[in-house]
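Since the structure comes first, as structure tokens, the remarks are kept for the end.
The values are calculated or read from the model by the stated rules, or taken from the named source; none is laboratory data. All values derive from a computational prediction rather than experimental measurement. Cβ: placed from backbone, ideal geometry, glycine included. Neighbour counts: every protein chain shown. Protein only, heavy atoms only, side chains kept; ligands, DNA and RNA dropped before computing areas. Shrake-Rupley method; radii C 1.70, N 1.55, O 1.52, S 1.80 Å.
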Amino acid sequence: MMLSLPVDKPLFLLFLAFSQVVFILILYRHGASSLLQGFLISPQDSWDYSKTHNVYTNLSAFTLHSDGKMTHCPLKSPILVGPITVVFTKLPSERGIVKKNPYVQSGGQYKPPHCLAHYKSAIIIPHRNRELHLRYLLYYLHPFLQRQQLQYRIYLIHQAGNGTFNRAKLLNVGVKEALKNEDWDCLIMHDVDLIPENDYNLYICDNRYPKHMSSAMDKFEYSLPYWSYFGGVSALTPGQYLRMNGFPNTYWGWGGEDDDIFMRIQLAGMAVSRTPLNLGHYKMVVHNRDKGNQANKKRFTLLKRTKRIWKQDGMNSLDFQLISIEEAKLYTNITVDIGDTPILPPEKSKETWTFL
Ligand code: UD2
Ligand code: MN
């Protein structure tokens, strides 16, 4: 039987055009994966962020060892609470955080003591001179990850010296060093000043594609600032990371590196998976631009060369001097000298720069 469409009716055509616009708008706001998930898994999409829970609620009740034999943790952790109360009014002391997290071991490592974790995630944080933000992050992130019954370790990649900051290069260093410790299932790249607000936002990877997790931040009114945004917090498997030759080493100062990463994902034949906006809620500690991290004026020129250069600039061209690895109580502190902005000969045109 043939279905005849009333394409000659202008009203019908108008309706078609209208539904297309609606569809594109949904894709823009929530990302393709959320649309799919809506059909396939139907996640809880009506989180009420006006009713929040303390991130330490019932944490100790589930860390007790039962009988001798360890079985796998349940696939869905039984102690998730949903929206978390996040406030930046009272800075917690380091001792206080240690006391509240008795199962965290030296170097900021954790394994559920009562069951075998399904996932092993490394949290990698680029850092310099943000000790107070770090304190808030550790206070919230340790219990948050334990609620999810993950095996994890928090790595701080600390840039030594006063040279220009380079977030993406620090993340490359973090991946290289973290993979020496453990065969991680997932590498979570995490700004130091972002606190997740819903513990159903799982710190695990999407095996299909690199996952952007901080899709809805308070600083952008809980929406995506632009379609290809990839800043903040993201999760990649080591396989996905290596497939795109890691992140660029050549973005010194603020901005651009996240857009480069977004481009590399496509260039390596992958797509971005995005945490649905109602789940990817984060609060950012309000701050000014740091000294030594001024806006990178070359970022737009650099982005033009990504397509040409991504296979040469990344994990395979990473050079740095490891200064120290220290196992602090709540994190592993890796201090590194990554050099500084290369001085470019002024007479060379933008097109012939070499970044080696
Ligand atoms: C945005 C993105 C971030 C990155 C940056 C551009 C958000 C929430 N994040 O951050 O992922 O793409 O733009 O580069 O939109 N840091 C230090 N010390 C410094 C400077 C930076 O520790 O002196 C680290 C720290 O982890 C910080 C991150 O680098 O969270 C990003 O720098 P930012 O917070 O100053 O930049 P912001 O908030 O605009
Ligand atoms: Mn920030």
For the stretch 109-125, just list the computed ³J(HN,Hα) in residue order, Karplus coefficients 6.51, -1.76 and 1.60, θ = phi - 60°, integers in Hz, with x standing in for Gly and Pro.
9, 8, 9, x, x, 10, 7, 8, 5, 7, 10, 10, 10, 9, 9, 10, 10
Percent of C-alpha pairs per 5 Å bin, the stretch 67-145, short to long:
3, 10, 21, 22, 21, 12, 7, 3, 1
With 10 Å bins from 0: P(r) over the stretch 47-337, alpha-carbon pairs, percent:
6, 29, 38, 21, 5, 1, 0
Pseudo-spin-label distance residue 58 to residue 290, built 7 Å along Cα→Cβ, given in nm, is 3.8 nm
Gain on full stretching of the segment that runs from residue 70 to residue 341 - 0.36 nm per residue minus C-alpha separation:
92.5 nm
Amide H within-cut-off set for residue 82, under 5 Å, with H built and near neighbours excluded
199, 200
What accessible surface, in Å², does a 1.4 Å probe find on residue 205, ignoring ligands, DNA and RNA and rounding to the nearest 10?
20 Å²
If R0 is 45 Å, what FRET efficiency do you get for residue 116 and residue 304 from their C-beta distance, rounded to 0.05?
0.40
Taking a 1.4 Å probe, which of 251, 222 shows the most accessible area, and what order do the others take after it?
222, 251
Neighbour cut-off at most 16 other Cβ (10 Å), DSSP loop, trypsin sites (Lys or Arg not before Pro), the stretch 141-243
208
With all protein chains modelled, accessible area of residue 329 [1.4 Å, Å²]:
130 Å²
Once amide hydrogens are built 1.01 Å from N within the peptide plane, the residues lying 5 or more places from residue 323 or on another chain with amide H under 5 Å from its amide H are 335, 336, 337
Give the lysines reachable from residue 180 as a straight Cα distance under 28 Å; neighbours fewer than 8 places away on the same chain don't count.
111, 120, 169, 211, 311, 329
Rough spin-label spacing in nm, given labels placed 7 Å along Cα→Cβ, for residue 227 and residue 242:
3.3 nm
For the residue pair residue 207 and residue 324, what label-to-label distance in nm results when each label sits 7 Å from Cα along the Cα-to-beta-carbon direction?
4.1 nm
On a 1.4 Å probe surface of the protein chains, which of 254, 227 comes out largest in accessible area, and what is the full order?
227, 254
Within the accessible area of the stretch 211-312 (1.4 Å probe), percent carbon and sulfur
56 percent
So, relative contact order of the stretch 193-262 in percent, Cα under 8 Å, 6 or more apart, is 31 percent
I want the antiparallel fraction of DSSP beta bridges within the stretch 47-337, as a percent rounded to 5.
45 percent
Can you give the extra length, in nm with one decimal, that the chain gains between residue 315 and residue 79 once fully stretched, where that is 0.36 nm per residue apart less the Cα-Cα distance?
81.2 nm
When the convex hull of the C-alpha atoms of the stretch 153-208 is computed, what volume per residue in Å³ does it have?
112 Å³
Between residue 13 and residue 160, what FRET efficiency comes out of the Förster formula 1/(1 + (r/R0)^6) with R0 = 51 Å and r the beta carbon distance, rounded to 0.05?
0.20
Relative contact order computed over the stretch 47-337 (Cα-Cα under 8 Å; 6+ residues apart), in percent
23 percent
Average Cα contact separation per residue, the stretch 164-320, under 8 Å, 6 or more apart, as relative contact order %
34 percent
The size of the Cβ-based charge dipole (Lys, Arg +1; Asp, Glu -1) of the stretch 47-337 about the Cα centre, to the nearest 20 debye, is 400 debye
Accessible surface, 1.4 Å probe, highest first, among residues 287, 190, 72
72, 287, 190
What accessible area, in Å² to the nearest ten, does a 1.4 Å probe give for residue 262?
20 Å²
